[in-house]
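Peer 1: Can you keep this structure in mind? I'll have questions shortly.
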Amino acid sequence: MTEQKTLGAANQIARVTCIGGGLIGAGWAAHFMRAGLEVVVYDPAAERATFLREYLAKAMPALAKLGMAPDASPTRVHFTTDMEEALEDTNFVQESATENIDAKIKLIGEIDALTAPNVVIASSSSGFLAADLRRGVRHPERILIGHPFNPPYLVPLVEIAGGDAASLAAAAASEFYISTGCEVVSLDREIAGYIGNRIQYAVLREILYIASQGVADLQAIDRAIASGPAIRWAVMGASSALFLGARNPTAYGDYAEGLADEMERYLAPPDFQPDRQLMRAYGEDVLKGIAANGQAELMELRDVGVVAIRAALQPAKNT
Ligand SMILES: NC(=O)c1ccc[n+]([C@@H]2O[C@H](COP(=O)([O-])OP(=O)(O)OC[C@H]3O[C@@H](n4cnc5c(N)ncnc54)[C@H](O)[C@@H]3O)[C@@H](O)[C@H]2O)c1
């Protein structure tokens, strides 16, 4: 048990390995680099080296505005197609390979075999359970979910799942993520999709229903979200914002009871289940409208906007 006691203390983490160098792996590399850590990115696809360099260059303006640690530099992010080399002397592993359960179980097994047992291995999976990813490893007590939001260098949330069966690793991972500037939410019990993605898909289901009823197009619905509920959610989340909608806060129980009727009247009927055909049509609509000019402009809008929101919220968080 001495191994567990020394599981990844945050102040001893100097070198992080990102397994998978796609959108999320590169985003994590940018985040850990900003925190002043040595980062090694492993991906079997050699062309990911160029993707990583270009990704870091594009992220730099936002990273600089968020503030870089004194020794943070893209020169401290290394790329390799050799997993053993990537894991040598590593202090923390963030796995962000393709979302496929069998491939991830196999990959986590390989990482486990090549990594010192006191190192936490966190998976960026968007919805798998750590209980499944641990199948077949020698050291299950250090396997967790550390789920980010895209892009990890901008959106501070990390959801830690699986900590109910790996509490020392979860505590160490939480301390580490916070030390790099993340906001951590630890789930008391694992559930597929965790918190954020379940909420995103519940919202998406309503978007699809509203659009299918000819109420508004996708651009108008996005504007209604961004300038309406989402602007409050960025500050305080949904339940806090709803509470402020009650004139008599002491009778909030009565107010909340009334919401049961509103939800029954407003929500898409339970049998409205978006199928693959509907999702294909939705994707084509996005391409024709919201995405007609590609991703570059939207990415810039996101980066500039999120940095500004984080800066604006900082004083409130410090009080
Ligand atoms: N895209 C998102 O918005 C988002 C958000 C949060 C979490 N995630 C999760 O992050 C993970 C990665 O998603 P992504 O969007 O970066 O996908 P991606 O397709 O952009 O990148 C996946 C990368 O994994 C690499 N890969 C495949 N097999 C590998 C292996 N055996 N070892 C190492 N690398 C391997 C691929 O070459 C590719 O570069 C997934 O688990 C996904 O669910 C995605």
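The values are calculated or read from the model by the stated rules, or taken from the named source; none is laboratory data. Source: prediction; values computed, not measured. Neighbour counts run over all protein chains shown; Cβ positions are idealised from the backbone, glycine included.
Peer 1: Against the conditions (1) surrounded by fewer than 20 Cβ atoms within 10 Å (Cβ to Cβ); (2) assigned to a loop (DSSP other than H, G, I, E, B), where does Arg53 fall short? Just the number, please.
Peer 2: Result: Arg53 passes all but (2).
Peer 1: Show the residue pairs meeting these rules: Cβ distance below 6 Å; 6+ apart or different chains; first residue within region 11-28 and part of a strand (DSSP E or B); second residue of a type in the set (Ser, Thr, Tyr).
Peer 2: Arg15/Thr90; Thr17/Thr90; Ile19/Tyr42
Peer 1: Something else now. Are there helices (runs of 4 or more DSSP H) fully within region 74-169 with at least 1 residues that are of a type in the set (Lys, Arg)? List them.
Peer 2: 101-114
Peer 1: Which ranges mark the helices (runs of 4 or more DSSP H) fully within region 231-319 that have 1 or more residues being among the polar types (S, T, N, Q) and over 26 Å from the mean Cα position of the chain (by Cα)?
Peer 2: Counting at least 1 such residues, we get 276-288.
Peer 1: Quick one: would you say Ala130 is under 17 Å from the mean Cα position of the chain (by Cα), touching a residue at least 60 places away in the same chain (Cβ under 8 Å), within 13 Å of the ligand (Cβ to nearest atom) and under 18 Å from Ser186 (Cα atoms)?
Peer 2: In short, yes.
Peer 1: Looking only at region 172-185, how many residues end up being farther than 9 Å from Pro156 by Cα and buried (at least 18 other Cβ atoms within 10 Å of the Cβ)?
Peer 2: 6
Peer 1: Look at Ala224 and say whether it is surrounded by 12 or more Cβ atoms within 10 Å (Cβ to Cβ), assigned by TED's automatic domain parsing to the domain that holds Gln200, without any contact (Cβ under 8 Å) to a residue 60 or more places away in the chain and out of contact with any helix residue (DSSP H, G or I) (no Cβ under 8 Å at 6 or more places or on another chain).
Peer 2: yes
Peer 1: Between a residue in region 31-42 that is closer than 15 Å to Ser96 by Cβ and any residue that is of a type in the set (Ser, Thr, Tyr), which pairs come within a Cβ distance under 6 Å, given they are 6 or more apart or on different chains?
Peer 2: His31/Tyr153; Val40/Thr17; Tyr42/Thr80
Peer 1: Then there is this: Would you tally the residues in region 140-159 being more than 10 Å from the ligand (Cβ to nearest atom), in contact (Cβ under 8 Å) with a residue 60 or more places away in the chain and not hydroxyl-bearing (Ser, Thr, Tyr)?
Peer 2: Residues in region 140-159 being more than 10 Å from the ligand (Cβ to nearest atom), in contact (Cβ under 8 Å) with a residue 60 or more places away in the chain and not hydroxyl-bearing (Ser, Thr, Tyr): 4 in total.
Peer 1: Right, next: Which members of region 36-50 meet the condition of being in a loop (DSSP other than H, G, I, E, B), more than 10 Å from the ligand (Cβ to nearest atom) and surrounded by fewer than 20 Cβ atoms within 10 Å (Cβ to Cβ)?
Peer 2: If the condition is that a residue be in a loop (DSSP other than H, G, I, E, B), more than 10 Å from the ligand (Cβ to nearest atom) and surrounded by fewer than 20 Cβ atoms within 10 Å (Cβ to Cβ), then Gly36 is the only one that fits.
Peer 1: Just wondering, is there one or more residues in region 200-210 that are under 19 Å from Arg310 (Cβ atoms), modelled with pLDDT of 95 or more and not hydroxyl-bearing (Ser, Thr, Tyr)?
Peer 2: no
Peer 1: Hey, among Asp217, Asp188, Asp164, which residue is in contact (Cβ under 8 Å) with a residue 60 or more places away in the chain, surrounded by fewer than 16 Cβ atoms within 10 Å (Cβ to Cβ) and among the acidic types (Asp, Glu)?
Peer 2: Asp217
Peer 1: Hey, another quick one. Of the residues in region 59-97, how many are touching a Lys or Arg at 6+ places or on another chain (Cβ under 8 Å), surrounded by fewer than 15 Cβ atoms within 10 Å (Cβ to Cβ) and within 19 Å of Ile19 (Cβ to Cβ)?
Peer 2: Selection size over region 59-97: 1.
Peer 1: Moving on. Would you check which residues across region 98-111 are crowded, with 22+ Cβ neighbours inside 10 Å and either in contact with a helix residue (DSSP H, G or I) (Cβ under 6 Å, 6 or more places away or on another chain) or without any contact (Cβ under 8 Å) to a residue 40 or more places away in the chain (or both) and list them?
Peer 2: Once the filter is applied, which keeps residues that are crowded, with 22+ Cβ neighbours inside 10 Å and either in contact with a helix residue (DSSP H, G or I) (Cβ under 6 Å, 6 or more places away or on another chain) or without any contact (Cβ under 8 Å) to a residue 40 or more places away in the chain (or both), region 98-111 yields only Ile108.
Peer 1: A follow-up question, please. Could you please let me know if Ala260 is at pLDDT below 95 and not assigned by TED's automatic domain parsing to the domain that holds Leu154?
Peer 2: Spelling it out, it is not the case that Ala260 is at pLDDT below 95 and not assigned by TED's automatic domain parsing to the domain that holds Leu154.
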